[in-house]
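Step one of this worksheet: look at the structure below.
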Amino acid sequence: MRESEISYIAGLFDGEGSIYYKKSTEKKKKHKGKGYRTTMSQRISMEVTMTDPMVINWLRETLKVGTVTKKPRKGLRKDGTKYLMQYRWRCTFRDAYYVCCLIYPYSITKLEKVKQILDHYQQVEDNKKVVDLESYRLTKSFNTNLYGA
């Protein structure tokens, strides 16, 4: 990937994107029996939403991570016309970490959220609880090729 593409992607996130990082306790329904259990949960995601599908598809093809979906239109404008269809590129967890590693040097307005995600995965890697990103990608690629998914 060229440096100009990475800086453009960082600009997309600064202008049109959102980065979500949250660590909190959540109540989850118990699998057996009644009631709830409390767990420590994390939510890490990144998304860009635009009305131009060409830019969103380019983002997916360039980064090779995430998904592209249509956002449903709700309601009408004041003049009675429909809103334009919106397209959303979204990635979560390790894929978001990969994108943050790329855009970190170029981010401005989303820099604090990017740093939170980078710090989170640095702590996880220091504890050796997960494999490194390159090993994860190789395994994912191998399984996709092996099972045709």
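The values are calculated or read from the model by the stated rules, or taken from the named source; none is laboratory data. Worth saying up front: this structure is predicted, and the values here are computed from it rather than measured. For neighbour counting, all protein chains shown are included, and Cβ atoms are generated from backbone atoms with ideal geometry for every residue, glycine included.
Within the range 1-37, the set of residues being under 21 Å from the mean Cα position of the chain (by Cα), among the basic types (Lys, Arg) and assigned to a strand (DSSP E or B) comprises LYS22, LYS23. Can you say whether LYS110 is farther than 18 Å from MET1 by Cα and surrounded by fewer than 17 Cβ atoms within 10 Å (Cβ to Cβ), as far as the supplied structure shows? Here the answer is no, as LYS110 does not meet what is asked. Considering only residues that are surrounded by 12 or more Cβ atoms within 10 Å (Cβ to Cβ), among the small types (Gly, Ala, Ser) and outside any strand (DSSP E or B), which ones fall in the range 38-75? Of everything in the range 38-75, just one residue is surrounded by 12 or more Cβ atoms within 10 Å (Cβ to Cβ), among the small types (Gly, Ala, Ser) and outside any strand (DSSP E or B), namely GLY66. Whether a residue is at pLDDT 80 or above and more than 24 Å from TYR121 (Cα to Cα) was assessed, and GLU16 passes this test. Can you tell me which residue among LYS74, LYS32, LYS115, LYS27 is of a type in the set (Lys, Arg) and at pLDDT 85 or above? Every option except LYS115 fails the conditions.
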